[in-house]
Each structure stands twice: as C-alpha cells, then as structure tokens.
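Student: Here you go, one structure.
The values are calculated or read from the model by the stated rules, or taken from the named source; none is laboratory data. In this text, all values refer to a predicted model and were calculated from it rather than measured experimentally. Here Cβ is always computed from backbone atoms with ideal geometry, including for glycine, and neighbour counts include all displayed protein chains. Note: areas computed on protein heavy atoms with side chains; ligands, DNA, RNA excluded. Shrake-Rupley method; radii C 1.70, N 1.55, O 1.52, S 1.80 Å.
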Amino acid sequence: VKRAPSLLNNQLELFEMEHFRETPWWAIFRTRMIYLDRYSILGNTDSLIEFSNLDFIAPLLLFYGADIADILDDSVTHVIIDPDDTSRISKIRKRLKRIRRTTVPLVSAQWVTDSIEQHEDLDEREYPCCETATSTK
C-alpha cells in the first residue's frame, strides 16, 4: 500500500510557500512521513503496544505537520524508536533494506521534542536510537 502525504498537509505547504520565506516553526515536520515503532509485530497494525513511550509523540508530530505511517513502506522519511524497546531494530533495518530505503534515519523520540523546543528540524544524526551509536543525546 503506497501512502501519500495528507491533502491538508499539501494545501498547507502550498499556502506556507506562498506566504512565508522559510518553513514556519509550527510546520517543522510538514514534509515528513514518520513511522513510529509502536507495533509488536512489524507490519501488523493490530499489534499496537499499549502504553508505549511513543504514544505522546504522535500528537506532537501531527500538530507540527508530520504525517504518520501505519506501515513501514517507501514513503517513510523517518523511523522513531523507543529507546526502552529496541527489540525490533534489526527487523526494521531489514525491511528498509528490502524496500531500498537504507538512508531513512532511525531516531529517538528526543529528536522530536528537541526540534519542537528549538523550532527547527534538528540533525537526526545527533539523535540515534541505538546503543551502538556514539552520540550523547
């Protein structure tokens, strides 16, 4: 299933491009399609993890313009991982490789909250989701 950004986001983006020189701070995620790793079984939307640490991130992303993908497909621009549950990272990486999207950043939820706080889309490389990364975020 191929997903496209919402029609509302497209209309808002056109309005903002016409009336603002830069992306307004309230739309910092407008061009993003985010997959939240909150399903216990990758690709199964019926396996939503109850009380996931990512539950509070979804409304923030929507408010600041992102679209949220229920499945991990080639429209996804970012994957957000709960640092307390990294059990599906290898499956996510395999899926991204299979759909030829190996450059999609896997980030912690802190990237979202810090970007909102600073009113800009911060560098994803500073917010790795995994213990193998070297960043201090």
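Student: Scanning the range 10-54 for residues that are under 20 Å from Asp121 (Cα atoms) and hydroxyl-bearing (Ser, Thr, Tyr), which turns out modelled with the highest pLDDT?
Tutor: Tyr35
Student: If you scan the range 24-66, which residues turn out to be open to solvent by 60 Å² or more (accessible area, probe 1.4 Å) and farther than 17 Å from Ser115 by Cα?
Tutor: Residues satisfying the conditions are Ser40, Ile41, Thr45, Asp46, Leu48, Glu50, Phe51, Asn53, Asp55.
Student: Given (1) touching a helix residue (DSSP H, G or I) at 6+ places or on another chain (Cβ under 6 Å); (2) hydroxyl-bearing (Ser, Thr, Tyr); (3) modelled with pLDDT under 90, where does Thr103 come up short, assuming only one miss?
Tutor: Evaluating Thr103 over (1) touching a helix residue (DSSP H, G or I) at 6+ places or on another chain (Cβ under 6 Å); (2) hydroxyl-bearing (Ser, Thr, Tyr); (3) modelled with pLDDT under 90 leaves (1) as the failure.
Student: Are any residues in the range 67-105 open to solvent by less than 30 Å² (accessible area, probe 1.4 Å) and aliphatic (A, V, I, L, M), and if so, which ones?
Tutor: Ile68, Ala69, Leu72, Val76, Val79, Ile80, Ile81, Ile89, Ile92, Leu96, Val104
Student: Enumerate the helices (runs of 4 or more DSSP H) found wholly within the range 24-127, keeping only those where 2 or more residues are within 14 Å of the chain's Cα centre (by Cα) and free of Cβ contacts under 8 Å to residues at least 40 places away in the same chain. Before the answer, list the steps.
Tutor: Details: elements: 57-63, 89-98, 110-118.
Helices (runs of 4 or more DSSP H) meeting the threshold: 57-63, 110-118.
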